[in-house]
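Below is one structure, written out as structure tokens; the observations come after it.
The values are calculated or read from the model by the stated rules, or taken from the named source; none is laboratory data. As the structure is a prediction and not an experimental result, all values here were calculated from the model. Positions of Cβ are generated from backbone atoms using ideal geometry, with glycine treated the same way; all protein chains shown enter the neighbour counts. For accessibility, only protein heavy atoms count, side chains too; no ligands or nucleic acids. Shrake-Rupley method; radii C 1.70, N 1.55, O 1.52, S 1.80 Å.
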Amino acid sequence: MLGVLLLASVASYAPAEPNDAQRDLAANQRTSNIAATNPPALSEGIPAMEGDEEFGEQVIVERVSNWYPFYLDVSVSGYRTTNAELSDRNPKTDTYLRESAVLSYTQNVSGNLLFDFGVEQETYRYRNIRSLDFDYLRAHTGVMLYLQPDRAFFDTVFGNGFLFANYSYYRVTDGLFGSEAFTNHSGEVGFQKSVPIIKGHQIYYGISSDLSGKASDRNFQRDEHRAYLGYFVEWTEDLSMRAGYVATLFEFENTPQSDWGHNLDAAIDLVVGRPEVLGQECEIYLEGNAFFNLNDSNLARQDYEYFNWGGGFGIRSSF
């Protein structure tokens, strides 16, 4: 029973798309870096603009990239949940503490091809139902391909987006240094794109399939197919908000179970400081989250829903 709850918890509480933050960061970095990787000749002039006669002829001398391949994020947060045991009847409320550390590395390989690596460690500690405590480790490595607007098929939908493919591994244990509850090796493919609307506003969308190749327990082995859509607003340099929807199909390979998951979430992020640590500028931030999840299964007693809300603080940096 503990293994079932742990596996369900990973699906419910872990990020719907594990590498969203890293891929968004890489996409923004890559987009801003494209001009820098193809600098113009020194004699190339800036297009004519009003007021040129006042400042004279201007020439591009050097283009500077803000490319930072490493990304590190460490955070602590607390949440209230309306259904800690993911039960279809008589749900129990509880609070839990979530600690997370994320490290990713994204680097240009050649042209529009990027290498992508990431590792993430999370711990979940419940206040009342201590038997639900678990740790979650996930790692991935693979490649991303940037689709240039003038070269992409169905340019409006795919142009300026990213195709990605990677190998993924995750491991669930029942508490710190606890026994191993579940491990899984899989291959993941997908697409993601962000579309600017007006200054500071953008929508993002994507699809992905995570196909399990080997799992420690065949009864829990499953493929996961996702489609997601969201809206992101950067009100100021320090304040941003996000809201999104994720639809997930869980197809169990060795049992007749098949589940649809629906997740609505919203988040607010406030940067409260930018200290320099070991020569690198970091961001200290506060974050608030709320999300609703509905699981619709073809098996009896496997349907459930919950609403979680909370927040915390963290520190992050790109270097």
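Values computed for the structure shown
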item	result
Residues located in region 233-260, provided they are of a type outside the set (Lys, Arg), under 29 Å from ASP210 (Cα atoms) and under 17 Å from the mean Cα position of the chain (by Cα)	VAL233, MET241, ALA243, GLY244, TYR245, VAL246, ALA247, THR248
Residues satisfying the stated conditions in region 202-221, i.e. free of Cβ contacts under 8 Å to residues at least 60 places away in the same chain and under 17 Å from PHE158 (Cα atoms)	GLN202, ILE203, TYR205, ILE207
Residues satisfying the stated conditions in region 87-102, i.e. open to solvent by 50 Å² or more (accessible area, probe 1.4 Å) and either within 22 Å of TYR170 (Cβ to Cβ) or in contact with a helix residue (DSSP H, G or I) (Cβ under 8 Å, 6 or more places away or on another chain) (or both)	LEU97, GLU99
Matching entry among ALA84, ALA139 (being farther than 24 Å from LEU229 by Cβ and either within 20 Å of the chain's Cα centre (by Cα) or of a type in the set (Asp, Glu) (or both))	ALA139
Number of the exception - PRO275 against (1) in contact with a strand residue (DSSP E or B) (Cβ under 8 Å, 6 or more places away or on another chain); (2) open to solvent by 60 Å² or more (accessible area, probe 1.4 Å); (3) of a type outside the set (Gly, Ala, Ser)	(2)
Odd one out for TYR105, checked against (1) modelled with pLDDT of 60 or more; (2) over 24 Å from ALA181 (Cβ atoms); (3) of a type outside the set (Asp, Glu); (4) surrounded by 17 or more Cβ atoms within 10 Å (Cβ to Cβ)	(4)
Pair list, Cβ < 6 Å and 6+ apart or interchain, from region 167-181 residues that are modelled with pLDDT of 90 or more to residues that are in a loop (DSSP other than H, G, I, E, B) and open to solvent by 30 Å² or more (accessible area, probe 1.4 Å)	ALA181/ASP174
Residue tally, condition aliphatic (A, V, I, L, M) and part of a loop (DSSP other than H, G, I, E, B), over region 68-89	2
Members of region 121-154 that are farther than 16 Å from GLY190 by Cβ and either polar (S, T, N, Q) or in contact with a His (Cβ under 9 Å, 6 or more places away or on another chain) (or both)	GLN121, THR123, ASN128, SER131, GLN148
Leading residue by the ranking (nearest to VAL143 (Cα to Cα)) among those in region 108-122 that are open to solvent by 40 Å² or more (accessible area, probe 1.4 Å) and part of a strand (DSSP E or B)	PHE115
Residue in region 206-218 that is surrounded by 18 or more Cβ atoms within 10 Å (Cβ to Cβ) and either among the hydroxyl-bearing types (Ser, Thr, Tyr) or not in a strand (DSSP E or B) (or both) present	yes
Residue selected from region 298-318 under the condition in a strand (DSSP E or B), touching a Pro at 6+ places or on another chain (Cβ under 9 Å) and of a type outside the set (Ser, Thr, Tyr), by the criterion most open to solvent (accessible area, probe 1.4 Å)	GLU305
Top-ranked residue of region 126-159 - restricted to ones that are of a type in the set (Lys, Arg) and not in a helix (DSSP H, G or I), ranked as nearest to ASP94 (Cα to Cα)	ARG127
Qualifying residue in region 268-287 (condition: under 20 Å from the mean Cα position of the chain (by Cα), of a type in the set (Gly, Ala, Ser) and in a strand (DSSP E or B))	no
